[in-house]
1. Can you give me the angle between helix 3-37 and the longest principal axis of the chain, using Cα atoms only, in degrees from 0 to 90, rounded to the nearest 10?
2. Report, in deg cm²/dmol and to the nearest 500, the calculated mean residue ellipticity at 222 nm for the chain, where each DSSP H run with n ≥ 4 adds -39500 (n - 2.57) and the sum is divided by the residue count.
3. Taking Cα atoms, how many degrees apart are the long axis of helix 41-82 and the longest axis of the chain, rounded to 10 and kept between 0 and 90?
4. Can you list, bin by bin at 10 Å, the percent of alpha carbon pairs in the chain, starting at 0?
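Read the figures in this text as sums done on the coordinates, not as results from a lab. Remember, predicted model here, so these are calculated numbers, not experimental data.
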Amino acid sequence: MTSSQIFYIALALTAFSVAVAIYSMLRRSLQEILGNLVRLQGVSTFYERVLLLGLVLTSVGWALDASFFQFLRLSFSQHAGLQ
């Protein structure tokens with residue numbers, strides 16, 4: 001693996017970790033609010049999972065958006081130089 005590949009993996013893992021940390025801080029409050037508002041355990045669980053999925057996809061997508069396209073450009077240019 002090249003250093004740029006390791007960088008992008010580390011960037012994705014860092015973004016994922018930040019999203020999970022935010023989720024863990026919000027989870028208890030979200031459970032209390034949904035418990036008082038909806039009073040259905042299944043709905044509360046669904047909204048918690050939607051929040052986690054949204055946080056993870058947003059943070060990883062934001063972190064890798066511009067960087068990933070730059071990585072692809074560099075990879076293709078290096079590959080073209082090898083031929």
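1. In the chain, helix 3-37 runs at an angle near 10 degrees to the longest axis.
2. Working: 2 runs with 77 residues, N = 83.
The helix contribution divided over the chain gives -34000 deg cm²/dmol.
3. Its long axis makes an angle of about 10 degrees.
4. 17, 33, 22, 15, 9, 3, 0
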